[in-house]
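Read through the structure below, which is laid out as structure tokens, and then see the notes.
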Amino acid sequence: MTKEEVFVLSNRLPNRILKGALGAFLTLALAACSENLTGSLGCPELCQDQSALLRDTTLTGVLVVDTVVSGFPLQSAARDFTLLSQGVDGDLRVVFRFDTLGGATFRNPTATVDSAVTKIISPLLHFAVDTSYGRLSAPITIDAYDVDTTAADTLTQALVPLFRPDRLIGSATFASIAITDSLQMPIDSTFVLSKVQAGARLRVGLRIRGTSPDRLRINGTGYTPRLTYRVTTDTVIPTDSIFVTSRTPASDATLASLFSAYPLVVSGALPSPGGNVLAVGGIAGARTFLRFNVPSILIDSVQVVR
């Protein structure tokens, strides 16, 4: 058996701005043995478990291309969101779209005709909380705003001005001990009633604030955010449960579904790096792609295992 060489390429970049030249660190494992290829009626005796000789090798001057791309995850490419309140260092919000609400009428099983919806009782936003990010240190307040607009509402500059007092449709303060794996956020019943009666869409923007910089992680992967309400006190009529849905853009149903809920980065995004700066991580995270010109002898003679 011929000598086998194995190398490991290790590129561990911390979650911060990195400067300077980069090198590829290779660990070469050299293994050789002497098989007994002789034999009569049986198979030859091949190598058994043997220890490998490892050595670290640094290749310098082999970086031929580097590209920094920011804005990850993409606005519609994630179902988990972070509400963050750290001023200019980080302001993250989230938008829920309910483009389809319950109908403006309902049918009582004992009636022969539909009844008009004239009241909305206890409208609540439900969403799951990812507690693996740690407990909050102080109470937090979540504000809900009407962010419906005819403008391109996936653009930050179109949505941020809508987070203002006259568009506030709900507010609730939660003690840190009360935040477990889910939250229920009350919103204005009169406002929801006007949307239901008009057959209009509802789009809610959430913003967090507290006495100290805090964050709340919304887990939308395993539990779809939803709106619940009742249209009558008669418990025979079930509670309406409306899941986040989007019909915009109307020309692309797949893209519309992706924007049923999405984050809004107001501040804290990394600026575009220049020169020889490689950006990694951060809010609206950056990713750096590296291409190395590996010597042909390594490509021809070794096996990449990591």
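Of note:
- Proportion of all alpha-carbon pairs of the range 155-238 beyond 23 Å (%): 38
- Close amide H pairs (under 5 Å, H built 1.01 Å from N) link residue 79 with no residue at least 5 positions away or on another chain.
- Surface accessible to a 1.4 Å probe, per residue, for the residues of the range 156-223, Å²: 51
- In plain terms, the chain from residue 292 to residue 160 could stretch by 43.3 nm, reckoned as 0.36 nm per residue minus the Cα-Cα distance.
- Nonpolar atom fraction for the range 104-235, defined as the carbon and sulfur part of the 1.4 Å probe accessible area, stands at 51 percent.
- Cα gyration tensor shape for the range 104-214, rounded if a/c is under 1.5, else prolate or oblate: oblate
- Spin-label pair residue 184/residue 299, simplified geometry with 7 Å Cα→Cβ offset, distance in nm: 6.2
- Per-residue SASA remark: residue 267, around 30 Å² accessible (1.4 Å probe; ligands, DNA and RNA not included).
- Computed accessible area, residue 224, all protein chains, 1.4 angstrom probe, square angstrom: 60
- Full-stretch length increase - residue 176, residue 132 - with 0.36 nm per residue and alpha-carbon distance subtracted: 14.4 nm
- Accessible area per residue was computed with a 1.4 Å probe on protein heavy atoms; residue 132 scores about 90 Å².
- Approximate spin-label separation residue 257-residue 194, in nm, with each point projected 7 Å along Cα-to-Cβ: 3.3
The values are calculated or read from the model by the stated rules, or taken from the named source; none is laboratory data. Note that the coordinates shown come from a computational prediction; the quantities given were computed from them, not determined experimentally. Quick reminder, even Gly has a Cβ in these numbers, built from the backbone with ideal geometry, and neighbours come from all protein chains shown. Quick note on the areas: whole protein, heavy atoms, side chains included, nothing else; ligands and nucleic acids left out. Shrake-Rupley method; radii C 1.70, N 1.55, O 1.52, S 1.80 Å.
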